[in-house]
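The values are calculated or read from the model by the stated rules, or taken from the named source; none is laboratory data. In this text the structure is predicted, and so the values were computed from the model without any measurement. With ideal geometry, Cβ positions are generated from the backbone for all residues, glycine too; neighbour counts draw on all protein chains shown. Quick note on the areas: whole protein, heavy atoms, side chains included, nothing else; ligands and nucleic acids left out. Shrake-Rupley method; radii C 1.70, N 1.55, O 1.52, S 1.80 Å.
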Amino acid sequence: MEKAYKNCQSCGMPLKKDPKGGGTNVDGTINTMYCSHCFENGKFLQPDITAAQMQEFVVGKLKEMKFPGFLAKFFAKGIPKLERWRKEA
């Protein structure tokens, strides 16, 4: 059985905030590890992005959503420790 995560293991977004309820596997079932912004049909939407680039992307998105810069950086700080990026280091 797949482990259920509270946050996307690619971008860190709380999965309960995902409008689609999570990414999708190849068979169309909901993926409990990644959000719909990162993972669809069993594949990453940005397969070549690095953890550092993901951090920049997330900070930018949070600022667009009117989060203060320091808070956006704080939320993005843990991205390199998420499952997707662990093997990259």
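Take the solvent-accessible surface of the protein heavy atoms, probe 1.4 Å, and return the percent of it on the range 10-89 that carbon and sulfur atoms account for.
Solvent-exposed carbon and sulfur of the range 10-89 make up 60 percent of the total.
Could you work out how far helix 51-64 tilts from the main Cα principal axis of the chain, as a 0 to 90 degree angle to the nearest 10?
Roughly 70 degrees between the two axes.
Which pairs in the list 3/61; 17/73; 17/43; 43/73 are over 25 Å apart, alpha-carbon to alpha-carbon?
3/61; 43/73
Where does each of 26-37, 58-69 land if you order them by average Cβ count within 10 Å, highest first?
The peptides rank, most packed first, as 26-37, 58-69.
Sorted by mean Cβ packing within 10 Å, highest first, what order do the peptides 70-76, 43-49 take?
70-76, 43-49
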